[in-house]
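*Asks:* There's a structure below that I have some questions on.
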Amino acid sequence: FFFFFFFFFFFFYQDALRKGKCAVIRTSTRQTYFLPIIGLVDADQLSPGDLVGVNKDSYLVLEKLPVEYDSRVKAMEVDERPTESYNDVGGLDKQIRELMEAVVLPVTEKERFEALGIQPPKGVLLYGPPGTGKTLLARACAAQTKSTFLKLAGPQLVQMFIGDGAKLVRDAFALAKAKAPTIIFIDELDAIGTKRFDSEKAGDREVQRTMLELLNQLDGFQPNQDIKVIAATNRVDILDPALLRSGRLDRKIEFPAPNETARARIIFIHSRNMFVSDDVNYEELARCTEDFNGAQCRAICVEAGMIALRRGATQINHG
């Protein structure tokens, strides 16, 4: 009976395949089903990898869904031509220099590393308070190396169904290899990279499964390939040591809150394209904004422009 069933299945599948009547689908819970009859959608409209809506009982295909329904789109941001430059970053000269050595030079001057026989870092961890320029500087590095900027948000990698987060990580690295040179930027790494512990909760196990896939992908490419990983976190103290060991995210760069000089520079950078009066004192503004981060300094410039707009002014003055 088993032999007959197997033979009949194989024969029917081959015969139906020629006529375009059957399909194999995989559900969001990773179950696979063979459909002798596809359903309401013509086979000519379907291609491998398409997203479809099916009947919950028979699994017959009811409609073909647009790509926007795929959760992977929400988890990835791809920019093939970043435009940021180092001139857009204020008060981070030391961090720029360290990132150039770890990320930019291995891509733009690969032959220098080969001549010395040294392996460049695979990945870099940027850590510090929110709003200190981690994402901005990562984008500037991508622009400097003419690389595709692929951003992953850590919380988006925590998915509802088993295996979805790990698949997103695999898809991201596969896309990075296809679009190389690529800089993969993982924001809020602490969402999936916390220290491992024994837990009976399915959600915790899924987060750990996603992190294990990230470790596997970090080990899956060579340092001299045109792929670099930059991760950012506000909580470096809770990250799993396996992420930070040599050969993975082994270069760590701190992004502290900006000091007074850095705040003056940041405010100047974000107001340089505005029509600003000559009486604006950036040093005084920096003194008045103690404990402000870079994002808050930028918000000051935006708010000053809005106030001038409400007043009907033609330029921004020092109030």
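*Asks:* Could you please find all residues in the range 268-281 being in contact (Cβ under 8 Å) with a residue 40 or more places away in the chain and crowded, with 17+ Cβ neighbours inside 10 Å?
*Replies:* Phe268, Ile269, Ser271, Val276
*Asks:* Then there's this: Can you tell me which residue within the range 292-314, out of those that are modelled with pLDDT of 90 or more and either part of a loop (DSSP other than H, G, I, E, B) or of a type in the set (Ser, Thr, Tyr) (or both), is surrounded by the fewest Cβ atoms within 10 Å (Cβ to Cβ)?
*Replies:* Out of the qualifying residues, it is Gly312.
*Asks:* Return the pair list, or none, for Cβ contacts closer than 7 Å from residues in the range 110-132 that are free of Cβ contacts under 8 Å to residues at least 40 places away in the same chain and within 14 Å of Ile227 (Cβ to Cβ) to residues that are surrounded by 15 or more Cβ atoms within 10 Å (Cβ to Cβ) and hydrophobic (A, V, I, L, M, F, W, C), at least 6 apart or on different chains.
*Replies:* Hits for this filter: zero, empty list.
*Asks:* Out of all the residues in the range 240-251, which are within 19 Å of Gln95 (Cβ to Cβ) and either in contact with a helix residue (DSSP H, G or I) (Cβ under 7 Å, 6 or more places away or on another chain) or among the acidic types (Asp, Glu) (or both)?
*Replies:* Leu249, Asp250, Arg251 - these are the residues of the range 240-251 that are within 19 Å of Gln95 (Cβ to Cβ) and either in contact with a helix residue (DSSP H, G or I) (Cβ under 7 Å, 6 or more places away or on another chain) or among the acidic types (Asp, Glu) (or both).
*Asks:* A follow-up question, please. Identify all residues within the range 111-164 that are exposed (fewer than 15 other Cβ atoms within 10 Å of the Cβ) and among the basic types (Lys, Arg); write none if there are none.
*Replies:* Of everything in the range 111-164, those that are exposed (fewer than 15 other Cβ atoms within 10 Å of the Cβ) and among the basic types (Lys, Arg) turn out to be Arg112, Lys146.
*Asks:* One residue is enough: does the range 238-250 have a residue meeting the conditions in contact with an Asp or Glu (Cβ under 7 Å, 6 or more places away or on another chain), surrounded by 20 or more Cβ atoms within 10 Å (Cβ to Cβ) and more than 13 Å from Ile183 (Cα to Cα)?
*Replies:* Yes, some residue in the range 238-250 is in contact with an Asp or Glu (Cβ under 7 Å, 6 or more places away or on another chain), surrounded by 20 or more Cβ atoms within 10 Å (Cβ to Cβ) and more than 13 Å from Ile183 (Cα to Cα).
Residue by residue, here is whether (1) in a helix (DSSP H, G or I); (2) polar (S, T, N, Q) holds:
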| site | (1), (2) |
| --- | --- |
| Phe221 | no, no |
| Gln225 | no, yes |
| Ala232 | no, no |
| Ala262 | yes, no |
| Ile267 | yes, no |
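*Asks:* Restricting attention to the range 130-150, which residues are farther than 9 Å from Ile183 by Cβ and either at pLDDT below 85 or not hydroxyl-bearing (Ser, Thr, Tyr) (or both)?
*Replies:* Within the range 130-150, Pro130, Gly131, Gly133, Lys134, Leu136, Leu137, Ala140, Ala143, Gln144, Lys146 meet the criteria.
The values are calculated or read from the model by the stated rules, or taken from the named source; none is laboratory data. Fair warning: this is a prediction, and the values are worked out from it, not measured in the lab. Note that each Cβ is placed from the backbone with ideal geometry, even for glycine, and that neighbours are counted across all protein chains shown.
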